[in-house]
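The structure under discussion appears below in the form of structure tokens.
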Amino acid sequence: MVILGVIAAFLAALYQTTPSPVVTPTETTTVESGNAQTEAPFEVLTQEDLTVITGNVQRPNGMQWFNGFLYVICTGDWTIYEVDSMTGSTETFISGVRNSHTLVVEQGTSDRPRIWVPDSDTSRLLEVDQMRSPKPSASDLETPWGITVFDDDSFLMTSLGANTLMRVTRTGEVTTIAAELRSPTGVTVDDERVYVANSGSSRRAIEWLDREAVESGSEAVMQPLVRGLQNVANITMGSDGYLYFAYAIGVRGVVGRVMPGECAENGGCDNDQVELVLYTDLSAPLAGLTISEDRRIFVHTLFRPEIYWASLDPQAQN
């Protein structure tokens, strides 16, 4: 009953109506980056730094940048839209996908993308291209939430309903990797580790698994990465080596980052060791977190049409 209560509370927060942005406080904070590749101090982004893309997606949820476009799932009309990430020009990609918080976009066999969608409304993994209707690849996934590419043959996915991390092949074979998670949401990987967000536990906000253990099928033990964060949702690796994640500070939606290797080697990082990247006036949770090749960060709030972006490049900030 406790687990069901946690899930219910998270879903209630997830589907709240987001108010219009309010005026951003003028004070900003300068944070010195912990990444040796960053030459200039990183100044925390605020609402004033966000640019709005005026697309034509009325109730966006899952979103992924790919080759200059944002692929966005609209829960209002069960459609995936292709949005130009610079101009906002919007085209219908395909209809028939109900709802998803995350998605994987890759190059298809033609010159058009192929999209893999964990449809949370139908509990299926869908393979989507423009040549046919969405094709179910796996089913009975118990409210899938996060997805990331693991290798050429499989994905890692989280199940919000079953509190599990799963390995799902492109042909639909499902293997449970970890259980007894706490309302797991986002999942991502790097060369050494698998990272999983637990939206239902601030103490277990982000955890990690050894990638080699997952690959070999041996026992993989969840270990702490970041503690003390509220309602962690989407997580993604940046090309700069940082792990980026959307979470809440009070009722505000924010994005933070850590160097995951440093946190893992030190037994986990506390919330005061998280570098704040984006502090908005938007209501939590932020959704659709994705980062482009030119280091623009994109987010939106659930069921509001505005899509926002800001540059992570310190030189662009200045």
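The values are calculated or read from the model by the stated rules, or taken from the named source; none is laboratory data. As the structure is a computational prediction, the values presented were derived from the model and not from experiment. Cβ sites come from the backbone with ideal geometry, for glycine too, and all protein chains shown count toward neighbours.
Inspection of region 91-103 identifies at least one residue that is among the aliphatic types (A, V, I, L, M), closer than 27 Å to ASP294 by Cβ and surrounded by 13 or more Cβ atoms within 10 Å (Cβ to Cβ).
May I ask you to say which residue of LEU312, LEU302, LEU243, LEU276 is under 15 Å from the mean Cα position of the chain (by Cα) and either touching a residue at least 60 places away in the same chain (Cβ under 8 Å) or surrounded by fewer than 23 Cβ atoms within 10 Å (Cβ to Cβ) (or both)? Within the list LEU312, LEU302, LEU243, LEU276, the selection yields LEU302. Considered as a group, the residues in region 144-202 that are β-branched (Val, Ile, Thr) and in contact with a helix residue (DSSP H, G or I) (Cβ under 9 Å, 6 or more places away or on another chain) include one that is nearest to TYR244 (Cα to Cα), and that residue is VAL189. Just the residues that are in a loop (DSSP other than H, G, I, E, B) and surrounded by fewer than 22 Cβ atoms within 10 Å (Cβ to Cβ), please, taken from region 104-128. Selection gives GLY108, THR109, SER110, ASP111, ARG112, ASP121, THR122, SER123. Of the strands (runs of 3 or more DSSP E) lying entirely inside region 190-240, none contains at least 1 residues that are exposed (fewer than 15 other Cβ atoms within 10 Å of the Cβ) and in contact with a Lys or Arg (Cβ under 6 Å, 6 or more places away or on another chain). Answer yes or no as to whether THR148 is modelled with pLDDT of 95 or more and in contact with a Gly (Cβ under 6 Å, 6 or more places away or on another chain). Considered against the rule, which asks whether it is modelled with pLDDT of 95 or more and in contact with a Gly (Cβ under 6 Å, 6 or more places away or on another chain), THR148 comes out as no. Condition first: surrounded by fewer than 19 Cβ atoms within 10 Å (Cβ to Cβ) and in a strand (DSSP E or B). Now tell me which residues in region 138-153 satisfy that. Correct list: VAL149 only. The residues listed here are LEU282, LEU312; of these, the one that is under 18 Å from VAL52 (Cβ atoms), in contact with an Asp or Glu (Cβ under 8 Å, 6 or more places away or on another chain) and not small (Gly, Ala, Ser) is LEU312.
Residue-by-condition table, conditions (1) within 19 Å of LEU302 (Cβ to Cβ); (2) assigned to a strand (DSSP E or B); (3) touching a Lys or Arg at 6+ places or on another chain (Cβ under 7 Å):
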position: GLN58; (1), (2), (3): yes, no, no
position: ASN61; (1), (2), (3): yes, yes, no
position: TRP65; (1), (2), (3): yes, yes, no
position: VAL72; (1), (2), (3): yes, yes, no
position: ILE80; (1), (2), (3): yes, yes, no
position: VAL83; (1), (2), (3): yes, yes, no
position: MET86; (1), (2), (3): no, no, no
position: PHE93; (1), (2), (3): no, yes, no
